[in-house]
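Contents: one structure, followed by commentary.
The values are calculated or read from the model by the stated rules, or taken from the named source; none is laboratory data. A quick note: this is a predicted structure, and the numbers were derived from the prediction, not measured. Because the Cβ atoms are built from the backbone with ideal geometry, glycine has one as well, and the counts that use them run over all protein chains shown.
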Amino acid sequence: MNRKTDYRVGVGASSILMVLVVLALAAMSLLSLSAARNSEALGDRALDMTTNYYQAVSEAQRMLAAMDASLADHASDNPDAATWQALLQAHGIPDVTVAADLSYSFSVNAGAQRMLEVGGRLTPAQPQRYTLTRHQLVNTATAEPQPLQLFQPQPTVTP
Amino acid sequence: MKHFKGNTLLIELMLVLLFFALSQAIILQVFASAQQTNRTVSIRNAALMQAQNTAEFLAVATTDAETALLSLGYTADSDALFIADHLSEGYQLTAHISRFTQPSGVLTTVTITASQEGHPLFTLPAVRYQGVRLP
């Protein structure tokens, strides 16, 4: 009549529990490390893009300085657009383009398929020898069309 | 028989504790590595943001680079070297100023370097050309 239910922890239960706990902790630590590595990769990319942008801006400023020096040297000659372009190319600014209305433009590679486009107008006769009207970062990546592989029904031919 | 069972359980518990200790030694290293990576990345991101702020301010400042850096909280270490300590955030910014003067204007180059405990993190150039009006 006096039955006693005896609950005992069997041999091996603690091992199973411990294996599960260790597996859970290992999974969490690996997830944490993976998230940190992803964050680091994102930070690396942001750093690269920022550094490339400021290097492009620096290069553009150096080109403007060289262009201004050339404008100051040859302003009294009153050359036309083609001559200006030749003069600027001779002064180490090969990528600059001068249009007939004396508007100029050049672009500098800013990395990650981006170009820093700079433009304005040459005003060599005025005290400020050029104006800057464009300083724009442009994405040059071409979007490739990725058509969906949809079912194309064939037209039915009726006899 | 009871005596034998008790010994088995004791041995199993000891083995389990040993396994737990060994596995925790490895797992804690992984957690610590993740924590260190996170800390380095967050410090570098904060330094990058501050360096960008400096570069953008220098690009539009109406004063010379030295005055602009002083107004941003940098301290002059020498004539051409300015330092901004962000030790509470774990990094330091140094700005080195160099100038190239030509008859038509001045090209000012400020090289901003971020470092964490003496180790360089990145370098950002901030260049500005200012032409002068010639007669």
_Just checking, does segment B:55-77 include any residue being polar (S, T, N, Q) and facing another protein chain (nearest Cβ under 9 Å)?_
no
*Among the residues of segment A:90-109, is any buried (at least 16 other Cβ atoms within 10 Å of the Cβ), more than 13 Å from chain B (Cβ to nearest Cβ), over 28 Å from the mean Cα position of the chain (by Cα) and part of a helix (DSSP H, G or I)?*
no
*Looking at B:Leu48, B:Leu13, which one is buried (at least 17 other Cβ atoms within 10 Å of the Cβ), facing chain A (nearest Cβ under 8 Å) and aliphatic (A, V, I, L, M)?*
B:Leu48
*Go through segment B:70-135 and tell me which strands (runs of 3 or more DSSP E), entirely inside it, have 2 or more residues that are more than 16 Å from the chain's Cα centre (by Cα) and more than 30 Å from A:Asp73 (Cα to Cα).*
B:81-86
*Determine the pairs where a residue that is on the phi < 0 side of the Ramachandran plot, located within segment A:10-27, has a partner that is at pLDDT 90 or above and among the small types (Gly, Ala, Ser) with Cβ atoms under 6 Å apart, the partner being 6 or more residues away or on another chain.*
A:Val22/B:Ser23
*segment B:57-89, subset of a type in the set (D, E, K, R) and surrounded by 13 or more Cβ atoms within 10 Å (Cβ to Cβ), residue farthest from B:Val110 (Cα to Cα)*: B:Glu89
_Against the conditions (1) in contact (Cβ under 8 Å) with a residue 40 or more places away in the chain; (2) among the hydrophobic types (A, V, I, L, M, F, W, C); (3) touching a strand residue (DSSP E or B) at 6+ places or on another chain (Cβ under 6 Å), where does A:Leu102 fall short? Just the number, please._
(1)
*Determine, yes or no, whether B:Thr111 is in contact with a His (Cβ under 7 Å, 6 or more places away or on another chain) and of a type in the set (Val, Ile, Thr).*
yes
*Mind listing whichever residues of segment B:90-135 are among the charged types (D, E, K, R) and surrounded by fewer than 18 Cβ atoms within 10 Å (Cβ to Cβ)?*
B:Arg99, B:Glu117, B:Arg133
_Complete set of residues in segment B:99-135 that are over 14 Å from B:Ala51 (Cα atoms), more than 7 Å from chain A (Cβ to nearest Cβ) and in contact (Cβ under 8 Å) with a residue 40 or more places away in the chain_ = B:Thr108
*Could you tell me which numbered condition A:Met18 fails, if it satisfies all but one of (1) over 24 Å from B:Ala51 (Cα atoms); (2) out of contact with any Phe, Trp or Tyr (no Cβ under 8 Å at 6 or more places or on another chain); (3) facing chain B (nearest Cβ under 9 Å)?*
(2)
